[in-house]
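Please read the structure below before turning to the comments.
The values are calculated or read from the model by the stated rules, or taken from the named source; none is laboratory data. Computed from a prediction, not measured in an experiment: that's the story for all the values here. Calculation scope for accessible area: heavy atoms of the full protein, side chains included, ligands and nucleic acids excluded. Shrake-Rupley method; radii C 1.70, N 1.55, O 1.52, S 1.80 Å.
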Amino acid sequence: LLRGGGKSIAGTHTPDLAFLNLVADAAKVRALANGKDVRLGLNIETEFVDSDRASRLTREVLHEAFEEGAVACDLETYVDDIERHTALQAFKAKIRAIGFSTKKRSVSVLWQLLDPITVAMLQMALASLRIKFIFHNALYDRTVFAANGFYLSPEFDDTLLMHHAAFPGMAHNLQQVTAQFFATTPARLVMHVRL
């Protein structure tokens with residue numbers, strides 16, 4: 001796989017990658033046949049209107065993170081001046097929404113709704129060595145946090161880099177990675193949020 005072989009599209013070795021996808025799909029079918037539930041279960045709570053609820057949900061999921069010792073975190077970002085910058089420039093990006101996931105549940109909230117006490121608790125969690133933050137593209141998310149004044153612990157995991165190392169040449173976006181390991185489609189998930 002690493003040396004190549006087969007027809008190449010954009011630097012990937014499509015026959016090899018098709019085989020890896022087939023193996024992953026066969027593993028999911030075998031797991032389901034053996035009674036293991038590999039379907040993607042979504043237990044998501046969202047808040048994009050009520051500041052008190054957004055802050056409470058965030059504090060609760062951070063308490064769960066301290067208990068479990070780990071939490072997945074993802075940011076949705078924007079820039080003030082789209083004529084000069086893009087949200088891909090992490091040092092210029094502002095946080096629009098933040099999501100967390102523990103073993104119990106996932107929480108997604110609008111950033112501007114979080115009260116100062118909750119933001120301070122997040123700062124404590126990000127700096128703590130008791131919680132391992134898990135990102136998908138940590139270079140981006142950690143740079144956004146740092147550019148927005150947060151100090152971060154040096155301990156973290158990056159599922160994007162892990163997937164690059166384990167499956168070179170395959171697509172590494174979060175939808176593709178999720179579909180590789182769970183019985184779901186790689187298409188966008190449509191969520192109904194409480195507005």
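For the stretch 49-59, backbone phi angles converted through the Karplus equation (6.51, -1.76, 1.60; θ = phi - 60°) give residue-by-residue couplings of 10, 8, 5, 4, 5, 4, 5, 5, 4, 5, 4 Hz, Gly and Pro being listed as x. Rounded to the nearest whole Hz, the Karplus-based 3J(HN,Hα) values (6.51 cos²θ - 1.76 cosθ + 1.60, θ = phi - 60°) of the stretch 115-131 follow the sequence 7, x, 5, 5, 5, 5, 5, 5, 4, 4, 5, 5, 8, 6, 8, 7, 10, with x at glycine and proline. Rolling a 1.4 Å probe over the heavy atoms of the protein chains gives the stretch 33-90 an accessible area of 61 Å² per residue.
Using θ = phi - 60° in the Karplus curve 6.51 cos²θ - 1.76 cosθ + 1.60, the 3J(HN,Hα) couplings for the stretch 151-167 round to 8, 10, 4, x, 8, 6, 10, 10, 5, 5, 5, 4, 5, 4, 5, 7, 9 Hz; x is entered for Gly and Pro.
Report the Stokes-Einstein translational diffusion coefficient (µm² s⁻¹, integer) for the stretch 56-195, Rh taken as the Kirkwood radius over Cα pairs, at 4 °C with viscosity 1.567 mPa s.
Working: Rh = 16.1 Å.
D, rounded to a whole number, is 80 µm²/s.
Less than 5 angstrom separates the built amide H of residue 137 from those of 159, 160, 161, all sequence-distant by 5 or more or on a different chain.
The relative contact order of the stretch 49-148, computed from alpha carbon pairs under 8 Å that lie at least 6 residues apart in sequence, is 37 percent. Mind checking which aspartates and glutamates have their C-alpha under 18 Å from residue 28, skipping anything on the same chain fewer than 8 residues away? Filter leaves 37. Measuring from centroid to centroid over Cα atoms, what is the spacing of the stretch 98-119 and the stretch 143-185 in Å? Cα centroid to Cα centroid, the span is 19 Å.
For residue 132, a cut-off of 17 angstrom between C-alpha atoms picks up these lysines, skipping any fewer than 8 places away in its own chain: 103, 104.
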